[in-house]
Amino acid sequence: MIAETALPKAQKYDDNLLRNLGLVGVLVILVIIGIVTRPELYSDPAWVRNNVLIILQQASGIGVVTVGMTFVIIGGGIDLSVGAIIALAGVWATTLATQSYGAAGMIFTALVVGVAVGLVNGVLIAYGKLVPFIATLAMLVSARGLAAQISGKQTQVSANETINSIATTKLLGIPLLVWILALVVAAGWVLLNRTTFGRRTVAVGGNPEAARLAGINVKRHSLLLYVLSGLCCGIGAIMLTSQATSAQAAMANLYELDAIAAAIIGGTLLSGGRGTIIGALFGVLVFSTITNLFAINNLATEVQNMVKGGIIVAAVLLQQFRYRSLTNLLRRRNVSDKP
Amino acid sequence: MIAETALPKAQKYDDNLLRNLGLVGVLVILVIIGIVTRPELYSDPAWVRNNVLIILQQASGIGVVTVGMTFVIIGGGIDLSVGAIIALAGVWATTLATQSYGAAGMIFTALVVGVAVGLVNGVLIAYGKLVPFIATLAMLVSARGLAAQISGKQTQVSANETINSIATTKLLGIPLLVWILALVVAAGWVLLNRTTFGRRTVAVGGNPEAARLAGINVKRHSLLLYVLSGLCCGIGAIMLTSQATSAQAAMANLYELDAIAAAIIGGTLLSGGRGTIIGALFGVLVFSTITNLFAINNLATEVQNMVKGGIIVAAVLLQQFRYRSLTNLLRRRNVSDKP
Amino acid sequence: TSNDTGNDAQVKTGGSGDANAAAGQKVIIGFSAPAADHGWIAAITNNAKAQAAVYSDVELRPVEAGADAAAQRAALSTLIAQKPQVIVMLPHDGKELNATGLEAMKAGIPVVNLDRAFPSAAAYRLQIKGDNYGMGLAAGQYIGEQLKAKGVGSPIIGEIPGIDSLELTQERTKGFNDALAAFGFKVANRRPAEFTADSGQAAATALLQALPKMDALWNHDDDQGIGVLAAIKQANRSEFFMVGGAGSKAAIDAITKDDTVLKATVTYSPSMASSAISLARLIGQGKGMSDLVELQVPKEITLASETITKDNASKYAKLGF
Amino acid sequence: MSESAGSARKILTLTDVVKEFPGVRALDGVHLEVLEGEVHCLLGQNGAGKSTLIKVLAGVHHADSGEILWQGEPFAPASPQAAMRAGIATIYQELDLVDDLSVAENAFLGHEPSRFGFTRRRSAAEQTRFILGKLGHPEIPPGRLIKDLPAAGKQIVSMARALSHNAKLIVMDEPSAVLAHDEVENLFRIIRELTAHGIAVVYISHRLAEIREIGDRVTVLKDGRTTAAGLSARTPTRELVGKMTGRSFEYAFPPRVAPDKESSAPEEKRTPLLTVTNLSRAGEFADISLTVRPGEIVGIAGLVGSGRSELLETIFGARRPDTGTVILNGHRITGVGSAVRHGMGMAPEERKSQALLLDEPVFKNMTLASFAGFARAGFTAARDERAAAQRTADNLELRPRDVDRPVRTLSGGNQQKVVVGRWLLTRENNAGGTRLLLLDEPTRGVDVGARAELYQVIHDLAANGVGVLLVSSEVPEVLGLADRVLVMREGRLIHEALAGEIDEDTVLDLVMAGSLMEGEAA
Ligand SMILES: Nc1ncnc2c1ncn2[C@@H]1O[C@H](COP(=O)(O)OP(=O)(O)OP(=O)(O)O)[C@@H](O)[C@H]1O
Ligand SMILES: Nc1ncnc2c1ncn2[C@@H]1O[C@H](COP(=O)(O)OP(=O)(O)OP(=O)(O)O)[C@@H](O)[C@H]1O
Ligand SMILES: [Mg+2]
Ligand SMILES: [Mg+2]
C-alpha cells in the first residue's frame, strides 16, 4: 500500500475555503486602506455600521445575478444577457399597463420575463446547439432592443409605493435588499452543494460526456441553468427598479462583465465544473468595497479606473499567493510543479 | 495494420471550408434581403460597388483586431482589453507631443503602446498565472482610465494630414484601409497555417499538457499571443484614428465583444485549439453587412437591435445546418448525434 | 422622462402673422441623432419629427446613427448619397464627425449641427447648441447664491455628472467649478453616473456615504436624477438642497411641488431640435429669420441655460420633456 | 534482446529516487539500471509509481531526492525539452496529442522542420511517412488530423513522435494497452529494430506474457519502492507476481457456477434480458442482432476499429441507430436516460473523456449515476454516498482507499476501478439496480491483481442475475470470462460460439483474415 499516512491531513481541508480566505484577506486590506485614508469617517461607529450596510446593499442586485451566473458557468456555459434581461424585465414591469396590476403584478411580470428569456437562451443553447457565448450575446442585443421599444427609450418611473419601498425597508436594522441577497445566496449554496440539481450542474460542466453516459439529461439540465439565471435576473430587476424607483432600457449596463468577473474571482472555473457560491459573493463584495473606497476618497474616474484594474490584479495575485502558501503550509510542500 | 475501415475515408475536404461556405451562404442571404428591400439602390452598379467597399472599409478596423483575437482564442486565452488598447494607443498617438513627431511618430507610438499593453497582459497571464478573463478585464478598466487621463477626457483631433488621409486614400480603386485588412488577414493566415508559431498556437490551446511534453515553452508562447493581439490593436488604433481624424478614451467601445463574436461565428472554439482566420474574417463581414443592411433600410435602432439578435442566431443555425448536412453528404454518416 | 410618450413634443406652430410660416418650396431634411436610450436624446428625435410634421413643405428623412461615431459616419455617408437639401445632425462626437460634416458641405448640402460642435467652421452651415459650460455656470451660480444667503461658511458641495469621458460633461463641470470658485467654494466629492436612473442611484448612494453631511448637490441630468432622488430618500437625507440639469418634466413637477430636496434645475432643452428643423427649413428655402435684419439664418446660435426654480416653474412646464 | 547484456554499458542509473505528491509518496526509493540496447521492463501494480518514475526521467516531474546518472553524468532534466535534448524520448500512458493538428505536425511538435520559422511541410510529411513506414503503417496519411484517427492510430502517432527524436533511450508507458494482437507483434518488431541499433527501451506493461516475450530484464516496483531490480525476463511468473503483489497468478478466472445451460436454466433465465435486432449505423456496424440473458456474460472479440465500441454505445442509447431496435427487459431503449432507468450501465472505453470528473472526489464519481437514488426529496445524502462508495472501493481494493481524493490523482488502473464501481453502486442502491452491464475494455491498464478482483466482481454480478456484455481486445480475457463469445469484424458479427467450444487461435483467425470462415457467420 502507498504511504497513506501522509494522506488524511492533506485531505481534510477544503480548497475553496482557502480561496475564500484569500478574498476575505483582500476585503480586510481594502477596509484597512479605507481606515488609513479616511480615519475621521471610520472613527464614527454609526458611520461604519451604515457603510457596511451600504456596501452590502449596493452589492445586492449584482449579487443575486452573480449567483445565477455562477450556476451557468459551473454548468459549462456563460450568460452574457443578464444585464439585458434585467433591463427588459424592469421595463416590462414598469409599463403603465403592468403598474396598473399593482406590486404583485409587477413582481410577477419581472419574474416571468426573466424566466421566459432564460428559457429562450436555454432552448437555443441546449437544443439549437448554439455556442452559449453567441446565443446570449444575440439575446443581449435583442432584449435591449425590445426594452427600448417597450419603453419608447424613456425612463419609466415606478409609481408603485410598495415596489419603491423595497429599497427603503429595513428588517432588524438590515435593509430588505440585503436580506434578499442573503436568501438567494443561501438558497444558491444549498442548491449547489446539497441537491441533486447542484451535483448535476457540476457533472454537466465538468465532463458533459461523462454526465450523459451516466444517464443525466444534459440538455434539459443546461436549459434549466439558463432559466435559473433568468429567474435571478428577474429578482434583480425588481431590486434595481425599486432602488432607482424607475427602469429603462439601458439599466444594468455591463452587469454581465461584473457578474462573470465576480464569479471567476470567487474561484469559479470559466471552463466549468468547479465553483462556489460563497466565493462569488465575496467577489461581488470586493467590487462593491472598491467602489465604496473610491467614493469616500473622492477619486477621479480616470484615476479610479486605473487603480481598479491594478487592485483586481493585486487581489487575485494575493489570493493565489495566500492560497498557495497556505496550501503549502498545510501540505508542507508545493502543490503544483507543473507550469 | 489498422483495419482499413478504421481510417475514415471522406477526408479530402476540410471541415473549416464547409463552415466558411455556410458563412458565405449567410452573406449571400443578407445581400438578397438587401436587394429585395431596396431594389432601387441595388439596381445601380456603381452604388453596389461602392457599397461593397463601404462594408469592407467598415469591417477593416475590427477585422484587424479580430485576427489578433483569433490567435489568442485558438491559443486557449481571451483578450477583453482590445477596445481599451485601441483607445489607449489612439489617444497616445494623438497627443500634441506625439503629433509633433509626424505621422511616423504617431504610427510608431500606437504600435509600441499596443505591444507594450499586450506584453503586460501576457506577463500577467503566463507568468502571474492570472485567468485571462480577469487579467484582460482589469487591463480594460485600467487602460481606458489611463487613456482618459492622457486625453484629459477630450476628443483629441489629429492634425496630421498623412494619418487622416489613410482613410481617404484608394489604391487601384480600393480603399487603403481594405488593403491593410487584406494584408493582416493574409499575414495571419500564413502565420497560423504555415509557421511553427501558428502550429504551436494550436497545440498550446488544444492540449497545453501535450504541448509542454513536446518541449514547447507554453508560457512564452501564451505571452507572445497577447503581444500579437496588442500589435493588431495598435494597427487598429491607427486605422480608427484616421477614420475619425481623432481619438478619445471611449473609442472602440465594446470591440472586445464584437471581435470575440466574429471569431466564434467564424468557427473558432472558445475553449481553444481550433479556429480559422478566414472564418473570423467572414464573421466580421457578416456583422458589417448586417449593419449596412440596417442602414440602407433605415431601421430604428431598437428594431435594429431586436432583429440583429435574431439574425445572428439564424446565421449560426443556418451555418450549422449547412455544415451538418454537407458533412453528412460527404461522410454519408452522422458525425455528431451527441449533445 | 415620462411614461406617456409622443404627443407632448415641443413644437413651434408659427402665428398667423409670421411670413415664414407660410408654405414654400419643398425641403427634404436629412436627420441623424444618436440612439442612446436616454430621455433627452429621445426628446431630441421626437421634437425634430414633430416640428417637421408642422410644416407641409418639409420632408424629414431620419437615419439612425447607431451605437457610436463610426456607425453614425457610415449612416451619414448613405444619407449624403441621397442628396437631401439640408442635413441636421446631432453627432455622437463633433470632432469625430467633423470629416463627415466637411464631406456633406463639399457635396453642397448645408449641415445644421445640433449641440456638439465641429472643430472646423467649414463643416457646418449652422450650429445650434446648448451651453454646457453655461449650464454648469448657472448651477454653480444658483448654489453659490443660496449658500451665501444662508450664510454657510465653507459648504460641502457634491456633484453627480453623467458619463465622465464625454466632453460635454467636462464643460459642465468646468462651468460649475468656475462659478463656485467665484464664491470661494469648491466641490467636495464628485461621483459620475451614466445618464441612467440606476447608475444615478448607485453614484448618489456612494456620494452620500462619503459625505455624511452635505450642503448642496448638483446632478447634471434629470433623467439620472430620478435615481439620485431615490437614493437620497433611501438614505433618509434632507439636510441639503439639490439642483438638477436639463429640465425634465418630472424635475419641473418636483420643483413646483417642492416636496423633495430638488429646488432648481438648469435647462439644456431638447427644444433645440425643433428650432434646428425650423431653421434648416429656412436655410433650404434661402430665407432668413424674420426678427433679424439679416437675409440669412446666422451661423451660430447658442441657447442660454436658464435656471428653473419654484418661482418660475409654471412658465417652463411646457418645455419640460 | 541481446544475450550479451552483461557486457553492455550502463546508460541510466537511478539510486534512491524519491518523489512525493500531496499526500502520497509516489516514489519512495527507486533503483533502476538500464543498459545500452536492452529492453528493460518495469512491472508493478496500479499506482506503484511506474508512470511517475518515467515522468521524472522525462523532465515532467522533478525528483525530491535521489541520484540519476545518465551516460555516467548526473542528470536532472529541468523540462521535457532538456530530457529530449539529452536523448530520452517518451511515449506517455495518456495520449499526448493535439486533436486539431495533423499526424505529421503531431509527430514533430516542438521540433518541427522549419526554415525562418516557416514549417517545411513537405519535409515533415516525408519524414513522417518514413517513420510510419518503419512502424508498419504506411497507410496513415501524414496530413490527416489526429481527431480523425481511431485510438490505435493515435498510439502509432505517439510512437512516431518518439522515433522522430534521435533518442538513445525510449520510454514506453503501456503502449500496448490500446493495441490489438497483431499491433503488438508489430510493436515488438520495432522494439527489436531499435535495440539492434543500441537504443535502450524502458517498457511498461501489465501483460506478463509480453514482458516475457520482449523483455531482457525486469525491475519490479511496489508502493513506490524497487522490490527487485534487474531480474531476468525469464523469471517465472509466479515469482514476478509475488514480488509485485504477494499473489501468484496472471489471468485468474475465478471458478464460477456453470453458466446456465439451456436445459437446466430456470424459466425466467431463459428469456433474454437484452435483445438487439438488426442494429446498424452507417460506416460503423451493420445488421447486428444479439441477446444477453440474465446472469450471462457475453464477450465480443474483434480487432481495434471493428466497431465494437460504437455498437456498445448504440446499445446504451448514446448513439442513435440508423435502423434496428434495442429492447431491455421488454422496454425499448431510446436514449441513455431510458437505458439507465431500465437498469443498463456502461463503463466506456475512454475513461478520462467519457467517464470521469477528474477534479471531483472518488466517491462523487462513483455515485455519478446513482446520487439521485441516494437523495431524499432532491437533497443529496453525501454521507450515505460516501459510505456506499467506501464499501465499493474496499471491494475493488482501490488504492489509495480514500474516497475523498480527487480522481485525477489516481493511477490509470485505479481510475478504471472507479468507473466500474459506479455501476456496482447503482445496483446496490436503485430499486431495480443494474441488470445489464456493458463493459468496454474493462481491464485496460489494470494490473494483474486488480484484474483478478474485477473478474471476481463480474462473476459475482452474473451470479446475481446481472447480464454482462463485454468488449475486450485481449482474446484470453474474452474466452476466460465469457459464457458466450461473439466475433466481430468490420462492423459485422461473423461468428458466435460458447466460450468452451472455441479457442484463442480460432478467434484470432476469425478476427483477422477470416475470409475462409465467412460462410459460418452467425
Ligand atoms: N499529479 C499527481 N498528484 C497526486 N498524486 C499523484 C499524481 N500523479 C500520480 N499520483 C499518485 O502517485 C501514485 C503513483 O502513480 P503512477 O501513475 O505513477 O502509477 P502507475 O504505476 O503508473 O500505475 P498504473 O499502472 O495504474 O498506470 C499513485 O498513488 C497516484 O495516485
Ligand atoms: N474519429 C472518427 N471519425 C470517423 N470515423 C471513425 C472515427 N473513429 C472511428 N471511426 C470509425 O468507427 C469504426 C469503429 O472504430 P473503433 O476504433 O472505435 O472500433 P472498436 O472496435 O471499438 O475498436 P477499439 O478496440 O479501439 O475499441 C471504424 O470503422 C472507424 O472507421
Ligand atoms: Mg501509469
Ligand atoms: Mg473501442
Across region B:121-137, what is the number of residues that are under 22 Å from the mean Cα position of the chain (by Cα) and not hydrophobic (A, V, I, L, M, F, W, C)? 4
Inspect region D:119-135 for any residue being within 16 Å of ligand 2 (Cβ to nearest atom), within 12 Å of chain B (Cβ to nearest Cβ), more than 20 Å from D:Leu57 (Cβ to Cβ) and crowded, with 20+ Cβ neighbours inside 10 Å and give the result as yes or no. no
If you scan region B:149-164, which residues turn out to be in a helix (DSSP H, G or I) and either within 12 Å of chain A (Cβ to nearest Cβ) or under 16 Å from B:Asn253 (Cα atoms) (or both)? B:Gln149, B:Ile150, B:Ser151
Is it the case, given these coordinates, that D:His61 is within 25 Å of D:Arg161 (Cβ to Cβ) and either within 13 Å of ligand 1 (Cβ to nearest atom) or β-branched (Val, Ile, Thr) (or both)? yes
Wholly within region D:302-418, helices (runs of 4 or more DSSP H) carrying at least 1 residues that are within 16 Å of ligand 3 (Cβ to nearest atom) and either of a type outside the set (Val, Ile, Thr) or surrounded by fewer than 17 Cβ atoms within 10 Å (Cβ to Cβ) (or both): D:351-354
Which residue pairs have Cβ atoms under 9 Å apart, sit 6 or more places apart or on different chains, and have a first residue in region D:309-336 that is facing another protein chain (nearest Cβ under 10 Å) and over 14 Å from D:Thr291 (Cα atoms) and a second that is within 16 Å of ligand 4 (Cβ to nearest atom) and of a type in the set (Gly, Ala, Ser)? D:Gly335/D:Ala318; D:Val336/D:Ala318
Scan the strands (runs of 3 or more DSSP E) fully inside region C:46-130 and keep the ones with 2 or more residues being on the phi > 0 side of the Ramachandran plot. none
Taking the condition among the hydrophobic types (A, V, I, L, M, F, W, C), away from chain B (no Cβ under 14 Å), farther than 19 Å from B:Leu80 by Cα and surrounded by fewer than 24 Cβ atoms within 10 Å (Cβ to Cβ), does A:Ile278 pass? yes
Looking across region D:90-99 at residues that are surrounded by 23 or more Cβ atoms within 10 Å (Cβ to Cβ) and away from ligand 3 (no atom under 16 Å from the Cβ), the single one that is farthest from the other protein chains (Cβ to nearest Cβ) is D:Leu97
Mind listing whichever residues of region B:224-262 are under 23 Å from B:Ala104 (Cβ atoms) and assigned to a loop (DSSP other than H, G, I, E, B)? B:Thr245, B:Gln248, B:Met251, B:Ala252
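Here is a yes/no grid of residues against (1) surrounded by fewer than 24 Cβ atoms within 10 Å (Cβ to Cβ); (2) of a type outside the set (A, V, I, L, M, F, W, C); (3) more than 7 Å from chain A (Cβ to nearest Cβ):
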{"site": "B:Leu130", "(1), (2), (3)": "yes, no, no"}
{"site": "B:Thr136", "(1), (2), (3)": "no, yes, yes"}
{"site": "B:Ala147", "(1), (2), (3)": "no, no, yes"}
{"site": "B:Ile166", "(1), (2), (3)": "yes, no, yes"}
Going through (1) facing chain A (nearest Cβ under 9 Å); (2) under 24 Å from D:Gly317 (Cβ atoms) one by one, D:Gly421 fails only at (1)
Do you know which of the residues in region D:292-313 that are closer than 18 Å to D:Glu490 by Cα and touching a Leu at 6+ places or on another chain (Cβ under 6 Å) is farthest from ligand 2 (Cβ to nearest atom)? D:Gly299
Might you let me know whether region B:180-195 holds any residue that is on the phi < 0 side of the Ramachandran plot and among the charged types (D, E, K, R)? yes
Residue check: is D:Val171 in contact (Cβ under 8 Å) with a residue 60 or more places away in the chain, over 20 Å from D:Val34 (Cβ atoms), within 16 Å of ligand 3 (Cβ to nearest atom) and not hydroxyl-bearing (Ser, Thr, Tyr)? no
Is it the case that D:Leu53 is modelled with pLDDT of 90 or more and either within 11 Å of another protein chain (Cβ to nearest Cβ) or farther than 29 Å from D:Gly445 by Cα (or both)? no
Which members of region D:338-393 meet the condition of being within 16 Å of ligand 2 (Cβ to nearest atom), under 21 Å from D:Arg435 (Cα atoms) and acidic (Asp, Glu)? D:Glu349
Here are the criteria: (1) more than 16 Å from ligand 2 (Cβ to nearest atom); (2) free of Cβ contacts under 8 Å to residues at least 60 places away in the same chain. Tell me which single one D:Thr443 does not satisfy. (1)
From the option list D:Val457, D:Val446, D:Val471, single residue qualifying as touching a Lys or Arg at 6+ places or on another chain (Cβ under 7 Å) and within 28 Å of D:Arg308 (Cβ to Cβ) is D:Val471
From (1) over 23 Å from B:Ala87 (Cβ atoms); (2) not in a helix (DSSP H, G or I), pick out the condition that doesn't hold for B:Lys219. (2)
All but one of (1) crowded, with 18+ Cβ neighbours inside 10 Å; (2) more than 14 Å from chain D (Cβ to nearest Cβ) hold for B:Ile216; state the number of the condition that does not hold. (2)
Out of region B:174-201, which residues are touching a residue at least 24 places away in the same chain (Cβ under 8 Å) and more than 14 Å from chain D (Cβ to nearest Cβ)? B:Ile174, B:Pro175, B:Leu177, B:Val178, B:Ile180, B:Leu181, B:Val184, B:Val185, B:Gly188
Output the residue which, of all residues in region D:48-64 that are more than 13 Å from D:Glu20 (Cβ to Cβ), part of a loop (DSSP other than H, G, I, E, B) and over 19 Å from the mean Cα position of the chain (by Cα), is farthest from ligand 3 (Cβ to nearest atom). D:Gly59
Sort through D:Arg435, D:Arg451, D:Arg489 and tell me the only one that's at pLDDT below 90 and within 16 Å of ligand 3 (Cβ to nearest atom). D:Arg451
Where residues in region B:100-119 are among the β-branched types (Val, Ile, Thr) and within 21 Å of B:Leu257 (Cα to Cα), which of them is surrounded by the fewest Cβ atoms within 10 Å (Cβ to Cβ)? B:Val115
Leading residue by the ranking (nearest to ligand 3 (Cβ to nearest atom)) among those in region D:180-215 that are within 14 Å of chain B (Cβ to nearest Cβ) and buried (at least 22 other Cβ atoms within 10 Å of the Cβ): D:Leu187
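The values are calculated or read from the model by the stated rules, or taken from the named source; none is laboratory data. The shown structure was predicted, so the numbers you read here are calculated from the model rather than taken from an experiment. For neighbour counting, all protein chains shown are included, and Cβ atoms are generated from backbone atoms with ideal geometry for every residue, glycine included.
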